[in-house]
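Participant: Pasting a structure here, questions to come.
The values are calculated or read from the model by the stated rules, or taken from the named source; none is laboratory data. All figures in this text were calculated on a predicted structure; none of them were measured in a lab. Here the Cβ is made from the backbone with ideal geometry for all residues, glycine too, and neighbour counts use every protein chain on show. Side chains included, ligands, DNA and RNA excluded: accessible areas come from the protein's heavy atoms. Shrake-Rupley method; radii C 1.70, N 1.55, O 1.52, S 1.80 Å.
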Amino acid sequence: FLDHPTYDDFWRLIDFTPDDFIQISIPTLAFTGWFDSTLTGTIEHYQGITQYSSRKIDHFLIVGPYSHATAPDGGYDYLTDLPVPTVGDILVPENGLLRARDMTREFYDWCLKDQTRPVWDPIRLFLIGSNVWITPKVFPPE
């Protein structure tokens with residue numbers, strides 16, 4: 001990785017292409033955070049799946065006020081299941097927390113146990129500063 005600090009053929013070889021996204025025929029659930037080092041890639045994968053996948057629906061993107069460590073758990077500590085109240089010096093408002101573990105379980109129950117499909121908007125974004133969740137129809141929002 002250190003030998004390829006810019007986007008060159010090395011990165012192009014391991015990057016997803018439309019042909020890769022076309023082959024994705026299963027639902028996806030992606031949690032990320034505005035302070036997550038994988039934010040850009042997570043968003044790019046969501047956009048690629050919803051644009052090129054043979055299954056254009058049943059994909060979910062959640063972006064909250066989280067770091068990489070807390071994003072998959074919706075702002076909770078995965079060991080203690082307690083809220084992580086800050087990201088660095090930034091406070092995470094209580095309404096920014098999501099019970100991501102419950103959401104993941106519901107998603108898996110639907111996908112793996114043939115239970116009811118979750119009734120969620122495909123995109124859920126937390127607006128830092130306004131401290132509200134929005135559910136735009138596309139990413140990026142208009």
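Participant: Pairs under 8 Å by beta carbon, first residue among the aromatic types (Phe, Trp, Tyr) in segment 88-115, partner open to solvent by 100 Å² or more (accessible area, probe 1.4 Å) and assigned to a loop (DSSP other than H, G, I, E, B), six or more apart or different chains?
Facilitator: TRP110/THR116
Participant: For residues that are within 26 Å of TYR108 (Cβ to Cβ) and either at pLDDT below 95 or out of contact with any strand residue (DSSP E or B) (no Cβ under 6 Å at 6 or more places or on another chain) (or both), tally how many sit in segment 1-33.
Facilitator: So the answer is 9.
Participant: Go through segment 85-117 and give me each residue that's open to solvent by less than 50 Å² (accessible area, probe 1.4 Å) and in contact with a strand residue (DSSP E or B) (Cβ under 8 Å, 6 or more places away or on another chain).
Facilitator: Those that are open to solvent by less than 50 Å² (accessible area, probe 1.4 Å) and in contact with a strand residue (DSSP E or B) (Cβ under 8 Å, 6 or more places away or on another chain): VAL87, VAL92, PRO93, GLY96, LEU97, LEU98, ALA100, MET103, THR104, PHE107.
Participant: A further question follows. Mind checking which pairs have a first residue in segment 122-142 that is within 18 Å of THR42 (Cβ to Cβ) and among the basic types (Lys, Arg) and a second that is in a strand (DSSP E or B) and open to solvent by 50 Å² or more (accessible area, probe 1.4 Å), Cβ under 6 Å, 6 or more apart or different chains?
Facilitator: ARG124/TRP133
Participant: May I pose another question? For residues in segment 118-130 being assigned to a loop (DSSP other than H, G, I, E, B) and under 18 Å from the mean Cα position of the chain (by Cα), which is nearest to LEU29 (Cα to Cα)?
Facilitator: In this case the residue turns out to be PRO122.
Conditions (1) modelled with pLDDT under 95; (2) of a type in the set (D, E, K, R); (3) under 20 Å from TRP133 (Cα atoms); (4) in contact with a His (Cβ under 9 Å, 6 or more places away or on another chain), marked per residue:
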| position | (1), (2), (3), (4) |
| --- | --- |
| SER54 | yes, no, no, no |
| ILE62 | no, no, yes, no |
| HIS68 | no, no, yes, no |
| VAL84 | no, no, yes, no |
| ASP89 | yes, yes, no, no |
| GLU94 | no, yes, yes, no |
| LEU112 | no, no, no, no |
